[in-house]
1. Would you list the membrane-span-like helices of the chain, meaning whole DSSP H runs whose alpha-carbon atoms span at least 30 Å along their axis and whose mean Kyte-Doolittle value is at least 0.5?
2. Taking the alpha-carbon centroid of each part, what is the distance from the range 332-390 to the range 259-287 in angstrom?
3. With Cβ to Cβ distances under 11 Å as the rule, what net charge do the other residues near residue 332 carry (K, R +1; D, E -1)?
4. For the range 131-194, which GluC sites (Glu not before Pro) are both in a DSSP coil and crowded by at most 11 other Cβ atoms within 10 Å?
5. How long is the gain from residue 76 to residue 98 if the chain were fully straight, where each residue apart is worth 0.36 nm and the alpha carbon distance is subtracted?
6. Go ahead and estimate [θ] at 222 nm for the chain from helices alone: -39,500 (n - 2.57) per DSSP H run with n ≥ 4, summed, over the residue count, rounded to 500.
7. Quick one: dipole size for the chain, taken about the Cα centre, charges +1 on Lys/Arg Cβ and -1 on Asp/Glu Cβ, in debye to the nearest 20.
8. I want to check the label-to-label distance for residue 122 and residue 443. Put each point 7 Å from Cα in the C-beta direction and report it in nm to one decimal.
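We did not get these values from a lab; they are worked out from the coordinates using the rules stated. Because the structure is predicted, anything quoted here is derived from the model rather than measured. Heads up, the Cβs are rebuilt from the backbone with ideal geometry, glycines too, and the neighbour counts pull from every protein chain shown.
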Amino acid sequence: MLAEATKGTPYEGALWLVGGAVRDPLLGRPVSADLDLVTELSAVALAELLFERGTSSIAPVTYPRFGTALVRIEDADVELVTARAESYDPDSRKPEVRPATLEEDARRRDFTVNTLIRNVHTGDLRDPLGCGLEDLEAKVLRTPLPPDATFRDDPLRMLRAVRLRWQLGFEFAEGLEAAIRAERGRLSIISAERYRDELLRMLRFRDADQCLADLMRLGLFDDLLPEFVAMVGVEQGGFHHLDVWDHSLLVVRNAGPGDLVLTLAALLHDVGKPSTRSVDEEGATRFFGHEIVGEKMTWQILNRLRVPHEVVESVARLVRGHMRLGSAPVFTPAAARRVLRDLGEDTERLLALVEADASALKPGVRAVDLGPIRRQLEEAEAATPREVLVSPLTGAEIMEVRHLEPGPEVGVWKRLLTEQVLEGTLAPGDRDAALQWLKAQSEPPKGVQ
């Protein structure tokens, strides 16, 4: 459609696909619907032309300073770029740009395998730097410029190097790792959102644990996520054969890809252990309350990365709850109702997290049997929908029965009624029984909050 729309215009023969749209088919990989195109002519004028001709379904979003524009063709986002050369201020990742040749444009890109271009009209494949195809065949990630210069210009490329290594199954070229370690401090100029986007893309991979291991090894957590660095070398003892960090990576591996909330919970479930570690008189290592500390740290870390609130809420809930299924000798119906009440739609994720955690202990060790627990949860949910595991009475009804003014005591009674439902003393939604129970009580027990 794009080729047809630009026939007979100055852009015919002057439009080139670049990046993954060229690289991935050569690797036998599926191609993203979103495309990047480069031209030595004006990308902004091209975007306006495509909109005028009805090829783009949206008015172009243009960035004249950078010579780029975004259009949408057949539900695909297409980024148009005027071939350019770049120079960077040391304190910014936003470049000063000037129009350039296709070869000069290739030099400012991140890796040689992303410099290959294919003509939209003729299908002609070009290798502007003369080494992109060779590196693609050898499965090597190499920067067009010396790696320290490439990473200094745009530090986000250090994260992209790790992501592409595991996404494509490539190896780093000689000197690339050393350059990342030398330039990792430059990540301080990257926004939390851009760091987050790269990290979350990696967490969706089957090899997410390997990505995380690389990020740690290369020092790419040092400034923004020091909580992860603190997990390294924290020995656990007991049923554990790995330190907190390596154990967490194994839990990530066990949890598998496809559910970002579960993967984040697997990564963060023991983040509270370093600050809660103690050794008792018998030499046993303990981490009392690490799940409570970890819940608070999860909010801090994910808010720092600007992760959406609903994701943070679910992850923090899982971190807080990851110890509760194995904390009692018997998992009672009341315990099942509490889990359903507290975890809600994340209950199945909690089971998956506990399973992934238990599978990361010493070989042959089994800390919790999820079979009976799962059956109790299924029975509790079948008998009692989650939404009715609450007080049968409203605050207004409680005030009327107890002759109370609005205040904390109303909340105390409401929580006590909820506890009666969870314990099975009151049937869910049984207002009459709840009223009788409430009328029969004396003052609320001391210390109830």
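1. Values: long enough: none.
Qualifying helices, which must be both long enough and hydrophobic enough, do not occur.
2. Between the Cα centres of the range 332-390 and the range 259-287 lies a distance of 20 Å.
3. Overall, the nearby charge balance is +1.
4. On the way: sites: 134, 137, 171, 174, 177, 183, 193; in loops: 174.
Answer by residue number: 174.
5. Details: separation 22, 0.36 × 22 = 7.92 nm, distance 2.77 nm.
Taking residue 76 through residue 98 to full extension adds about 5.2 nm, to one decimal.
6. -13500 deg cm²/dmol
7. Working: 56 positive and 73 negative charges, 77 e Å.
Value, rounded to 20: 380 debye.
8. The two pseudo-label positions are separated by 9.3 nm.
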